[in-house]
Amino acid sequence: MYKSIIRPILFRFNAEWVHRVTVAMLRVAGSVPGLKQILRAIFTLDDPRLERQVLGLRFPNPVGMAAGFDKDARVYRQLSVIGLGFVEVGTVTPLGQRGNPRPRLFRLPSDRALINRMGFNNGGVEAMADNLRGRNGGVLGINIGKNTDTNTHDAPADYLKVFRRLYEFGDYFVVNVSCPNVAGLTAMQNDESLRAIVAPLLEFRHGQEEYRPVLVKISPDLTFEQIDGVISVVTELGVDGIVATNTTTSRAGLRTSERRVEAIGRGGLSGRPLTERSLEVIRYVRAKMGAGYPVIGTGGVMTTHDALAMLDAGADLVQVYTGLVYNGPGFAKKICRELLAREE
């Protein structure tokens with residue numbers, strides 16, 4: 001029903017407007033008596049065989065929501081009703097910012113892909129803290145970044161501000177230095193910049209009663225040599241895990257017309273064109289880091305087969321976003337059902 005009726009209707013409207021409407025509908029779902037329970041019964045598959053122990057946390061299943069959907073932590077509770085085992089909110093920055101000019105989110109249906117250049121639009125760290133106050137239940141990750149106007153030299157202070165302010169709320173944190181939609185951000189994946197950002201976070205954590213895992217999210221556009229540099233830093237500092245991968249700036253092999261792609265312009269590409277590269281990066285990271293090192297796989301999970309392939313490649317958990325746009329709210333349950341079928 002979603003693919004044949006609902007999706008064609010939604011795809012007639014502006015992509016960012018549909019996203020805002022979806023968030024609003026999720027908020028309604030959480031406030032209408034009984035509706036949340038009905039949706040959970042439809043879209044959630046509960047089975048102890050799906051549980052995963054990763055990062056010292058218990059995940060009810062290995063399928064999560066990637067960062068970017070719930071930027072301000074407004075509907076993280078409601079997202080559990082569509083079968084997700086965890087939610088990653090953000091990217092959040094110290095100060096609220098509008099992000100890049102609109103339009104900034106585009107569909108490429110023939111490629112089963114999206115291009116976005118949102119630019120870390122969010123309400124800022126205090127808005128997220130307000131939304132997370134009193135949270136309980138469910139595994140929550142917080143994806144952190146710098147304000148667009150903050151220069152590279154001052155970027156570590158931005159990350160630390162967010163980390164310190166939200167430390168009590170997150171179950172794990174992801175350092176986003178790989179989004180292509182913030183000028184100069186991906187350059188901070190180099191050894192020196194990454195070390196300068198991450199080391200203060202781990203130093204702050206050392207003085208806290210609760211241990212919050214810290215991960216680094218990497219770009220699919222890094223060469224294997226550059227990935228080696230990231231691995232060197234995370235190993236040296238004791239970073240808890242890697243998220244692979246973010247969106248790509250590549251436009252290679254697209255079915256969408258070159259004229260349409262050029263008209264859209266810059267931005268990070270997600271969806272089917274990213275699948276194989278994400279799998280390559282995950283296999284490489286797993287081979288380098290060995291068994292047991294936490295890896296979250298994301299980028300190009302468009303079918304149940306993609307999710308299983310990502311887990312087989314070495315990911316402990318997978319995240320979806322564009323896959324939900326194209327497959328609908330039952331996508332996580334379908335993945336979980338396939339996981340259980342493999343065990344029978």
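Read-outs: derived from the displayed coordinates by stated rules, not from any lab. Fair warning: this is a prediction, and the values are worked out from it, not measured in the lab. Heads up, the Cβs are rebuilt from the backbone with ideal geometry, glycines too, and the neighbour counts pull from every protein chain shown.
Miscellaneous remarks
- Alpha-carbon gyration tensor eigenvalues x 5, square-rooted, for region 1-77, Å: 26, 16, 15
- Pairs of Cα atoms nearer than 8 Å and 6+ residues apart set the relative contact order; for the chain it is 18 percent.
- Stokes-Einstein D in µm²/s, Kirkwood radius over Cα pairs - the chain at 25 °C with 0.890 mPa s viscosity: 122
- The gain in end-to-end length when the Glu209 to Ala287 segment is fully stretched comes to 24.8 nm, 0.36 nm per residue minus the alpha carbon separation.
- Net length available on complete extension from Ser250 to Glu236 is 2.0 nm, with 0.36 nm assigned per residue and the Cα-Cα distance removed.
- For region 1-42, the square roots of the Cα gyration tensor eigenvalues, ordered a ≥ b ≥ c, give a/c of at least 1.5 with a/b no greater than b/c, which places it in the oblate category.
- Student exercise, the chain dipole from Lys, Arg, Asp, Glu Cβ charges, in Debye to nearest 20: 1480
- Per-residue [θ]222 nm for the chain (sum of -39500 (n - 2.57) over DSSP H runs n ≥ 4, rounded to 500): -11500 deg cm²/dmol
- For Leu222, distant residues with modelled amide H under 5 Å away: none
- Restriction of the chymotrypsin sites (Phe, Trp or Tyr not before Pro) in region 200-238 to DSSP coil positions whose beta-carbon has at most 13 other beta-carbons within 10 angstrom yields Tyr211.
- Applying the Karplus relation 6.51 cos²θ - 1.76 cosθ + 1.60 with θ = phi - 60° to region 299-311 yields 3J(HN,Hα) values of x, x, 7, 10, 9, 4, 4, 4, 4, 5, 5, 5, 5 Hz, where x marks Gly and Pro.
- Cα-based shape type of region 64-207, given that a ≥ b ≥ c are square roots of the gyration tensor eigenvalues and the cut on a/c is 1.5: oblate
- Signed unit charges on C-beta, dipole axis of region 2-343, positive-most listed residue Asn61, Pro101, Leu339: Pro101
- With q set to 0.14, 0.17, 0.20 Å⁻¹, the log10 of I(q)/I(0) for region 201-319, from the Debye formula over equal scatterers at the Cα positions, is -0.64, -0.85, -1.06.
- Averaging the Cα positions of each part gives two centres, and for region 4-42 and region 162-236 these lie 33 Å apart.
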